[in-house]
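Chemist: Below: one structure in structure tokens.
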Amino acid sequence: MTYRPTIGLEVHAELKTRTKMFCNSANDPDEMRPNINTCPVCMAHPGTLPVINQEAVKHVLRIGTAIKGKIADFSEFDRKSYFYPDIPKGYQISQYEHPLVMGGELSGVSITRVHLEEDTARSIHANGKSLVDFNRAGIPLMELVTEPVLHDAETAGRFARELQLLLRTLGASEANLEKGEMRIEANISVSTDDKKFGTKVEVKNINSFRSVERAIAFEIDRQVALIESGGKVAQETRGWDEAKQITFHQRFKEGSADYRYFPEPDLPKLFISEIPEFSPEKLKASLPELPWERRARYESLGVRKEYADILVQPENKFINNLFENIIKNASGDSALISLAANYIVSDIVGLMQDTSVESKISDAEKFYQAFFTLMQMTKEEKVSSRGAKDVLAKMYREGGDPEMIAKEHNLLQMHDTDTLLTAVRGVLKEEIKAVEEYRAGKEAALQYLIGKSMKATKGAGNPAILKDLIIKELA
């Protein structure tokens, strides 16, 4: 029997604002001391009143604009009633009937809604005790819900990565899964009918993209096995056990009626069109170049897709600016742009991630220009690819001019045929076995002889010229 999985995602992301959603307490996710960023409002003391954080609303409206969703003219907040120790009010201020954004699309996946709410506190369970840290209580939290249009774990993971990239590009959220700044829940069902959904199971506690994919794949297999054994899938909430790589029962799923939603009486209604800052024109003008737009631009310039995926990441401004400087100065030279992308991804990113390597770059603009010069030298074969890597490493560690570094370390490619021919003849005289293998038709022997000739010239020989000289000599 063939089963059809159907998946919908619910993604929560803590928004980057100075203060919390409804009070003036600091929104500081890096505060390690418990219960420091609290006040009577976010602790729900009697007589306190919430105030809407305008910057948080703007973040959600910009996200809605980026995904081409419908921005609400009228929106309001609701009380979502449920009890848990990390909910100081005994209810959560969220949105239900009238979210800020409806519809839209991201990475080919249809979006149902994007709304705004407040985060809960953080529960800590250890040594048989449960503690609550209220620093997180009341932090602005975006919730994005997809339509149930996903059918495999890989597509779900790809969508979640693209959403994280969008949030970071917009400056709306750091969206670190490891810190809980972005939390993904998957609603999964399987059925034998393309037109019907099976019983939906929600999986929570997923803290990495790989775990999202693994949890979905496991849950699909679990439901299929349960159905085939004659059992029934229960509508429930399950957690993901990272150590065991399995889902486990947490509680049976509530319906919306269980939350007793009703409009929040302590907050005003929002009429978006009456707020000049939130006009469609201003929201659109506030957007930077979006990830898919930048990716397409890079690929149109000859950059490989896998390199473009790395270069569009917004968290490293140094890499972004370095590559944009190449594009600016390359005058549409796709070969030079593609070459630079290769060295950035394969060498500079590696140098930056190596904690044992200390950078001496004091002037970023000067390094950008030096890197462009090095790429020109490499394209014009003034230095070999190996030589360019060595020059680049020294530039990163010590600074300096690429041409001077190449001269000082004898890394400029040698084009003098007479000098190179002397080196080639010396290699052919010593490497008799490789010569015989080449003459017997073994092409790998030619590469070996080129490598030996490069070594004989201390890396300065032009490999194309060396190859031609070796072939002529052996002819």
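Chemist: Taking into account only those residues within segment 325-347 that are open to solvent by 30 Å² or more (accessible area, probe 1.4 Å) and of a type in the set (D, E, K, R), which is farthest from A370 (Cα to Cα)?
Modeler: By that ranking, first place goes to D333.
Chemist: Something else: Please work out which residue is surrounded by the most Cβ atoms within 10 Å (Cβ to Cβ), limiting yourself to segment 228-250 and to residues that are touching a residue at least 40 places away in the same chain (Cβ under 8 Å) and assigned to a strand (DSSP E or B).
Modeler: The initial filter retains those residues of segment 228-250 that are touching a residue at least 40 places away in the same chain (Cβ under 8 Å), namely 228, 233, 247, 250.
Subset that is assigned to a strand (DSSP E or B): 247, 250.
Working: T247: 26, Q250: 14.
Checking each candidate, the answer is T247.
Chemist: Follow-up question, since we're still on this one. Could you list all residues from segment 194-253 that are within 21 Å of R183 (Cβ to Cβ) and touching a His at 6+ places or on another chain (Cβ under 9 Å)?
Modeler: Residues satisfying the conditions are E236, T237, R238, G239.
Chemist: In this structure, is P280 surrounded by 13 or more Cβ atoms within 10 Å (Cβ to Cβ), more than 17 Å from D221 (Cα to Cα) and modelled with pLDDT of 95 or more? Steps first, please.
Modeler: Details: surrounded by 13 or more Cβ atoms within 10 Å (Cβ to Cβ): no; more than 17 Å from D221 (Cα to Cα): yes; modelled with pLDDT of 95 or more: yes.
For P280, the condition - surrounded by 13 or more Cβ atoms within 10 Å (Cβ to Cβ), more than 17 Å from D221 (Cα to Cα) and modelled with pLDDT of 95 or more - is not met.
Chemist: Taking R260 as the residue in question, decide whether it is at positive phi and basic (K, R).
Modeler: Here the answer is yes, as R260 does meet what is asked.
Chemist: Could you check how many residues of segment 1-30 are at pLDDT below 95 and under 25 Å from the mean Cα position of the chain (by Cα)?
Modeler: Final tally of qualifying residues: 2.
Chemist: Here is a follow-up. So, of the residues in segment 52-80 that are β-branched (V, I, T) and over 25 Å from the mean Cα position of the chain (by Cα), which turns out to be nearest to V114 (Cα to Cα)? Walk me through it before giving the result.
Modeler: Narrowing segment 52-80 to residues β-branched (V, I, T): 52, 57, 60, 63, 65, 67, 71.
Going one step further and asking which of them are over 25 Å from the mean Cα position of the chain (by Cα), we end up with 52, 71.
Details: I52: 17, I71: 10 Å.
Step by step, filter segment 52-80, then rank; the result is I71.
Chemist: So which strands (runs of 3 or more DSSP E) are wholly in segment 45-129 and hold at least 3 residues that are open to solvent by 20 Å² or more (accessible area, probe 1.4 Å)?
Modeler: Working: elements: 78-81, 91-94, 109-118, 122-126.
Qualifying strands (runs of 3 or more DSSP E): 109-118, 122-126.
Chemist: When you check T169 against the structure, is it surrounded by 19 or more Cβ atoms within 10 Å (Cβ to Cβ), polar (S, T, N, Q) and in a loop (DSSP other than H, G, I, E, B), yes or no? Spell out the reasoning first.
Modeler: On the way: surrounded by 19 or more Cβ atoms within 10 Å (Cβ to Cβ): yes; polar (S, T, N, Q): yes; in a loop (DSSP other than H, G, I, E, B): no.
Spelling it out, it is not the case that T169 is surrounded by 19 or more Cβ atoms within 10 Å (Cβ to Cβ), polar (S, T, N, Q) and in a loop (DSSP other than H, G, I, E, B).
Chemist: Tell me which residues, restricted to segment 24-37, are assigned to a loop (DSSP other than H, G, I, E, B) and either without any contact (Cβ under 8 Å) to a residue 24 or more places away in the chain or surrounded by fewer than 23 Cβ atoms within 10 Å (Cβ to Cβ) (or both).
Modeler: First, the residues of segment 24-37 that are assigned to a loop (DSSP other than H, G, I, E, B): 24-25, 27-37.
N24, S25, D28, P29, D30, E31, M32, R33, P34, N35, I36, listed by residue number.
The values are calculated or read from the model by the stated rules, or taken from the named source; none is laboratory data. All figures in this text were calculated on a predicted structure; none of them were measured in a lab. Don't worry about glycine lacking a Cβ; one is built from the backbone with ideal geometry, like all the others, and counts go over all protein chains shown. What goes into the accessible areas is simple: the full protein's heavy atoms, side chains included, and nothing from ligands, DNA or RNA. Shrake-Rupley method; radii C 1.70, N 1.55, O 1.52, S 1.80 Å.
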